[in-house]
Structures are given as structure tokens and as C-alpha cells.
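Colleague: Structure below; questions to follow.
The values are calculated or read from the model by the stated rules, or taken from the named source; none is laboratory data. Note that the coordinates shown come from a computational prediction; the quantities given were computed from them, not determined experimentally. Using ideal geometry, Cβ is built from the backbone for each residue, glycine included, and neighbour counts are taken over all protein chains shown. These area figures cover heavy atoms from the full protein model, side chains too; ligands, DNA and RNA do not enter into them. Shrake-Rupley method; radii C 1.70, N 1.55, O 1.52, S 1.80 Å.
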Amino acid sequence: MKQALADALADRGYETLTPVQEEVSKPELAGMDMLVSAQTGSGKTVGFGLAIAPTLLGEAEKFDRASAPLALVIAPTRELALQVKREFQWLFRNAGAVIASCVGGMDMREERRNLERGAHMVVATPGRLRDHITRSSIDLGSLR
């Protein structure tokens, strides 16, 4: 695990990972697609962050300057998308991640500005993501 993520977990009071976080963090699963099902409160969101970190960071401990997104998380509702963004913000803060959200009911112009400034990760709802794709305001060509 990257030190920046380990430090973030320690800062949040984690002494051990939850079972789902342990499973998705196995090195042999790096870069593989996973389907994860677990109860609410089991730590899936943090688990997803831990699972994608090696692919996003590679050998680096911190992100370079943000440009086109490296990761895209699609959540079915605005509330879930904003929850994922909040969790990823504290988890990836020490690694210097910039995380943008694109969700219905929010100011699309502000989202466009955030995307133009650059983001390592984007968390979006399907409809708003479609809007940004249609308007060419999001570049998905660098996704890992």
C-alpha cells in the first residue's frame, strides 16, 4: 500500500482494514476488474480507492499535476457520488489527488471549470457525465 494512503487511514483511526478492503487490496488483483458485493458500512468505498490506487499511481507515491482524469467513478445517485468523492478526498489527500464531481443538480459551469483546471479522478452520475461528454467538456482519453 502506498504510504500516503496508509497515513490517511491511520489519521482516520484505522488499525486494520475491513474484510472487503483486505480482499480488494490483494496485489494479485491489481489492474483486474472486480465485482464487489458487501453490506452497507463494510468499507467498500475505501476499498475501491485502495484497489485503484496502484493503477493510478504506478510506482509514484504522489500524483503529478492534474490534467485529464485518470479514473472515472460512475455512481447511480448524486448522494452516492458525493459520498464517494468525500471518501476519496481524505483517502488520496496525502497523495496530492484532485477529485472533481459531475452530478445533476449542481452548477455545470463550475464543473466545467474544475475539469478544465484538471482532475486526477472524476466521480459522476450517468446523466451529468453524458452531458459533459456531449459538450466535450470532459476528456476520457487518459483513463487508466
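Colleague: For the stretch 30-144, what number results from the quotient of the Cα radius of gyration and 2.2 N^0.38 Å?
Modeller: Against the empirical 2.2 N^0.38 Å value, I get 1.02 for the stretch 30-144.
Colleague: Using the Cα centre as the reference, give the magnitude of the dipole from point charges on the C-beta atoms of the stretch 36-87 (Lys, Arg: +1; Asp, Glu: -1; all else neutral), rounded to the nearest 20 debye.
Modeller: Here the size comes out at about 200 debye.
Colleague: Can you tell me which of ALA71, ALA30, ALA124 moves the most in a GNM of the chain? Springs connect C-alpha atoms under 10 Å apart.
Modeller: ALA30
Colleague: May I ask for the longest run of the chain untouched by GluC sites (Glu not before Pro) that are loop-located per DSSP and have at most 16 neighbouring C-beta atoms (other than their own) within 10 Å?
Modeller: That would be 62-144.
Colleague: A further question follows. Just from its helices, what would the mean residue ellipticity at 222 nm be for the chain, if runs of 4 or more DSSP H residues each count -39500 (n - 2.57) and the sum is divided by every residue, rounded to the nearest 500 deg cm²/dmol? Kindly include the intermediate steps, with their values, before the conclusion.
Modeller: Working: 6 runs with 63 residues, N = 144.
Taken over the chain, the calculation gives -13000 deg cm²/dmol.
Colleague: Counting Lys and Arg as +1 and Asp and Glu as -1, what is the net charge of the other residues whose Cβ lies under 14 Å from the Cβ of LYS62?
Modeller: Details: positive: LYS2, ARG65, ARG93; negative: ASP7, GLU59, GLU61, ASP64.
Net charge in that neighbourhood comes out at -1.
Colleague: Just want to confirm a number: the relative contact order over the chain, from Cα pairs under 8 angstrom separated by 6+ residues, in percent.
Modeller: Numbers: 208 pairs, mean separation 39.6, N = 144.
Relative contact order of the chain: 28 percent.
Colleague: Shifting gears a bit: What accessible area per residue, rounded to a whole number of Å², is obtained for the chain using a probe radius of 1.4 Å?
Modeller: Counting only protein heavy atoms, the per-residue value for the chain is 58 Å².
Colleague: So how much accessible area does ASP11 have, in Å² to the nearest 10, using a 1.4 Å probe?
Modeller: 120 Å²
Colleague: Considering only protein heavy atoms and a 1.4 Å probe, what is the carbon-and-sulfur percentage of the accessible area of the chain?
Modeller: Roughly 50 percent of what the probe reaches on the chain is carbon or sulfur.
Colleague: If you place +1 on the Cβ of every Lys and Arg, -1 on the Cβ of every Asp and Glu, and leave all else neutral, what size is the dipole of the stretch 1-114 about its Cα centre, to the nearest 20 Debye? Mind dumping the intermediate values first?
Modeller: Details: 13 positive and 15 negative charges, 88 e Å.
That gives the stretch 1-114 a dipole magnitude of about 420 debye.
Colleague: So which trypsin sites (Lys or Arg not before Pro) in the stretch 20-78 are both in a DSSP loop and have at most 16 other Cβ atoms within 10 Å of their Cβ?
Modeller: Sites meeting the loop and neighbour criteria: LYS62, ARG65.
Colleague: In the stretch 1-93, if every C-alpha pair distance is counted and binned at 10 Å from zero, what percent goes to each bin?
Modeller: Whole-percent P(r) values from 0 Å outward: 14, 51, 32, 2.
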